[in-house]
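Let me begin by presenting the structure, written as structure tokens, before commenting on it.
The values are calculated or read from the model by the stated rules, or taken from the named source; none is laboratory data. As the structure is a prediction and not an experimental result, all values here were calculated from the model. Here the Cβ positions follow ideal geometry from the backbone for every residue, glycine too, while neighbour counts run over all protein chains shown.
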Amino acid sequence: MREIDQALARAYAQRGATDTSGVPPAPHLAPRSRDSARTLTTTSVDVPADSTVDEGSSESFLLHWPSTVCILERECGERFERMADALLASRSRQNTKVLLFTSCHRAEGRTTLILTLARALSRRPGRTLLVEGDLSGPMLARQLGLRPHVGLDDVVEHGVSLSDAMIDAQDDHLTILPLRAPVARPREFLASTAWGCTLARLRREFDLVLIDGCPLFAGLSAVPLHRGVDAAVLVHNRMLTGERALLRGQEILASGGIPLLGLAETFV
């Protein structure tokens, strides 16, 4: 996959003073008892923290897209369109439906990349799901302005209905499966039958499943992998990850039986 050169660096530099924390204000999502995914309309403006929901309405919270993602889409949209086309071509040729996006370290632009890519995929046919898979430091839902009261952790650890945890963003043709909180025992979580069954169901119900995974390195040790995925995209920033670390990351994926679909370099 081609480099996303200079795009992230320029986008972060253009964020306004009100966006310096990198975390948008967010509403709180109340759990739903109905069997369908929660429905959202979307916007690229800030969502008031005191927003409320009308349980009788089909419209709930506005989905906040970070300004960084909007800048990237505006300035470098063609690059992400090509990346989206490459993923769809790989799905057609090799049936790679469940993709793990990972990096060697944190702060390499992984979550921003996957969010911008999701915007490109949302304009194509098929159902795309974004899964919060960073079990120790979930940021996907937070970047979108969500504070879910039900998440993937509840589904796997407590048997909550999967439909109660999924958020359907109809305007963006996307579905999001967030984590409510970091997972205390990631290895047990990923090795559980409940996670395997959940992943199998997601594979059946969606055309593409993009998992925003954990960084591969936690200190000097490797983190547990999301096994059962079809392939991985390794996101890296050469200022943080040297060649040796990048090769080690690829070895970790290979040892876990996860094919490497490609490298995505950020902050070039």
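Brief remarks on what is shown
- Number of positions in segment 105-129 that are in a strand (DSSP E or B) and either in contact with a Lys or Arg (Cβ under 6 Å, 6 or more places away or on another chain) or within 15 Å of L144 (Cα to Cα) (or both): 1
- Evaluation of P178 against (1) crowded, with 23+ Cβ neighbours inside 10 Å; (2) on the phi > 0 side of the Ramachandran plot; (3) not small (G, A, S) (one fails), failing number: (2)
- Residues of segment 139-160 satisfying the condition of being touching a residue at least 40 places away in the same chain (Cβ under 8 Å) and either in a strand (DSSP E or B) or small (G, A, S) (or both): G145, P148
- All positions within segment 214-234 that are under 18 Å from T128 (Cβ atoms) and either without any contact (Cβ under 8 Å) to a residue 40 or more places away in the chain or touching a Lys or Arg at 6+ places or on another chain (Cβ under 8 Å) (or both): D230
- Residue that is at pLDDT below 95, surrounded by fewer than 23 Cβ atoms within 10 Å (Cβ to Cβ), assigned to a helix (DSSP H, G or I) and polar (S, T, N, Q), where the choices are S136, S163: S163
- Residue that is modelled with the highest pLDDT, among those in segment 105-132 that are under 24 Å from A184 (Cβ atoms) and either surrounded by fewer than 22 Cβ atoms within 10 Å (Cβ to Cβ) or in contact with a Pro (Cβ under 6 Å, 6 or more places away or on another chain) (or both): E132
- Residues that are among the β-branched types (V, I, T) and touching a strand residue (DSSP E or B) at 6+ places or on another chain (Cβ under 8 Å) within segment 221-268 comprise V223, V229, V233, V235, T241, I252, I258, T266, listed in sequence order.
- Every residue from segment 76-104 that is in contact with a Leu (Cβ under 8 Å, 6 or more places away or on another chain), assigned to a helix (DSSP H, G or I) and surrounded by fewer than 23 Cβ atoms within 10 Å (Cβ to Cβ): F80, M83, A84, L88, S90, R91
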